[in-house]
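Colleague: Questions regarding the structure given below will be posed in turn.
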Amino acid sequence: MQPAIATPKPTVQNAPTPAVSAAPRKKEQANLVPYLYAAPSLIVMAAIVLYPFLYNIVVSFSNMNLDHFREWNIKGLNNYINVITDAKFFWLLLKTILWTIINVFFHVVIGVFLAILLNKNIKGKNIFRVILILPWAVPQYITALNWRGLFNYEYGSVNLILSNIGIPPVQWLSSEWGTFSACLIANIWLGFPFMMVVALGGLQSIPDALYEAADIDGASWYDKLVNITIPLLKPVMIPAITLGTIWTFNNFNVVWLVSNGGEPSDQTHILVSWVYKVGLNYFRIGYAAAFSMIVFGILLAFGWNFIKKTKATQSIY
């Protein structure tokens, strides 16, 4: 019997510690680069947007006015209560809603109609595009002042045209609804090019094969409009309508300049122009700040619910 040979025990050596990879650290540094690039613009936006907005919220709870311009104090919800209990607020709200609905309706209808025409193969299409986009390209305050001159009773072009076709001249700028109608006409002329450009971009993205297939099936122009054009334009037009509604609801320039500050007798106002009048002409700054926050809340609620109910963010396919 052979003696057992003792096998030596293997010596366990300490495993080398793996070196810490520098890849995650480099990745973290790379992720910070976009924020560093965006930091200057974020700081500027915070300075010119966020700070005034927060300051306006604070002022809306204060008694800041001409008598308490520097030594103002927080007074709670007094300004908000005064705004909501003022009958003028609800009249201005109804008038602003009417102003917004009429404007946006004609902006969309005229804009989409012109976009459909410009999307066809017509002669001079590029020239028509340039001409039709001019109202949007010209600064608003210049256009508004020009329209105020056009509606002048004695020498305005609008009354001259009416006289030539046998209609008596109209006192456009001497009555509440006459001035309001003048503001509507001016703003409709200003607003349709934006909707036209948006709709034209949406139309050009619709495949021609869909219309060709509809022609083969014998579909009429109405069927193609309802079943192809409108559904495929919806994802483009709903955000544009939302923006157009907010812009029109807060359109200060046209109302203020065409009506010359709400004339006659502060009767031609919408919410935003009245806020300006109260805050900077009557110096009821705390009241105007609360008024503006209520307007902001109305627009925020509208924008959120409108996009949610219309399902504008959902895919069309």
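FYI, it's all coordinate maths here, none of it is from the lab. Please read these numbers as outputs of a predicted model, since none were measured by experiment. Glycine also receives a Cβ, built like all others from the backbone with ideal geometry; neighbour counts cover every protein chain displayed.
Colleague: Which one of Trp91, Pro52, Asn119 has its Cα pushed farthest toward the positive end of the charge dipole of the chain, where Lys and Arg give +1 and Asp and Glu give -1 at the Cβ?
Modeller: Pro52
Colleague: State the extension gain, in nm to one decimal, for the chain segment bounded by Glu154 and Val109, taking 0.36 nm per residue of separation less the distance between their alpha-carbons.
Modeller: 12.9 nm
Colleague: Set the Förster radius R0 to 22 Å, insert the Cβ-Cβ distance between Asn227 and Leu117 as r into 1/(1 + (r/R0)^6), and round the FRET efficiency to 0.05.
Modeller: That pair, Asn227 with Leu117, gives E of 0.65.
Colleague: Among the listed pairs Lys95/Lys308; Lys224/Lys309; Lys75/Lys308, give every one whose C-alpha distance is greater than 32 Å.
Modeller: Lys75/Lys308
Colleague: Can you tell me the length gained on complete extension of the stretch Ser41 to Asn164, counting 0.36 nm per residue apart and subtracting the Cα distance?
Modeller: 38.7 nm
Colleague: What shape does segment 58-207 have by the C-alpha gyration tensor, where a ≥ b ≥ c are the square roots of the eigenvalues, rounded means a/c under 1.5, and otherwise prolate means a/b greater than b/c and oblate the rest?
Modeller: Oblate.
Colleague: While we're looking at this one, here's another question. Defining a contact as two alpha carbons under 8 Å apart and six or more residues distant in sequence, what relative contact order in percent does segment 94-285 show?
Modeller: The value is 32 percent.
Colleague: Given Leu150, Ser292, Trp221, which one lies farthest toward the positive end of the charge dipole of the chain, if we put +1 on the Cβ of every Lys and Arg and -1 on the Cβ of every Asp and Glu?
Modeller: Positive-most Cα among the choices belongs to Ser292.
Colleague: Which of Val138, Val112 has the fewest other C-beta atoms within 10 Å, and how do the rest follow up to the most?
Modeller: Neighbour counts put them in this order, fewest first: Val138, Val112.
Colleague: Nearest 20 debye, what's the magnitude of the dipole of segment 120-278 about its Cα centre given +1 on Lys and Arg Cβ and -1 on Asp and Glu Cβ?
Modeller: 320
Colleague: Continuing with the same structure: Any aspartates and glutamates with Cα under 20 Å of the Lys277 Cα? List them, leaving off those in the same chain fewer than 8 positions away.
Modeller: Asp67, Asp86, Glu176, Glu263, Asp266
Colleague: What does the charge dipole of segment 77-204 about its Cα centre add up to, to the nearest 20 debye, if the Cβ of each Lys and Arg holds +1 and the Cβ of each Asp and Glu holds -1?
Modeller: That gives segment 77-204 a dipole magnitude of about 500 debye.
Colleague: A follow-up question, please. So how do Ser163, Ser60 line up by other beta-carbon neighbours within 10 Å, fewest first?
Modeller: Least crowded to most crowded, the residues run Ser163, Ser60.
Colleague: Now for a separate question. Could you give the angle, 0 to 90 degrees to the nearest 10, between helix 176-204's Cα long axis and the longest principal axis of the Cα atoms of the chain?
Modeller: 40
Colleague: Between helix 285-310 and the chain, what is the angle of the helix's C-alpha long axis to the longest principal axis, kept within 0 to 90° and rounded to the nearest 10?
Modeller: Around 70 degrees separate the two axes.
Colleague: Can you give me the angle between helix 140-150 and the longest principal axis of the chain, using Cα atoms only, in degrees from 0 to 90, rounded to the nearest 10?
Modeller: 10
Colleague: Rounded, prolate or oblate: which fits segment 94-285 when a ≥ b ≥ c are the square roots of the eigenvalues of the alpha-carbon gyration tensor, with rounded for a/c under 1.5 and prolate only if a/b beats b/c?
Modeller: Prolate shape, in that a/c is at least 1.5 and a/b is the bigger ratio.
Colleague: To continue, here is another question. Using a 7 Å offset from the Cα along the Cα-to-Cβ direction at both Tyr55 and Ile298, what is the distance between the two label points in nm, to one decimal?
Modeller: Going from the Tyr55 label point to the Ile298 one covers 2.6 nm.
Colleague: Taking a ≥ b ≥ c as the square roots of the Cα gyration tensor eigenvalues, with a/c under 1.5 meaning rounded and otherwise prolate when a/b beats b/c, else oblate, which class fits segment 68-117?
Modeller: prolate
Colleague: Separate question: Mind checking the dipole of the chain: about its Cα centre, +1 per Lys or Arg Cβ, -1 per Asp or Glu Cβ, Debye to the nearest 20?
Modeller: The calculation lands at about 940 debye.
Colleague: Rounded to the nearest 0.05, what FRET efficiency do Ser220 and Phe252 have when you use their Cβ-Cβ distance and R0 = 51 Å?
Modeller: After rounding to 0.05, the efficiency reads 0.70.
Colleague: What's the exposure ranking of Lys120, Lys234, going from fewest to most Cβ atoms within 10 Å?
Modeller: Lys120, Lys234
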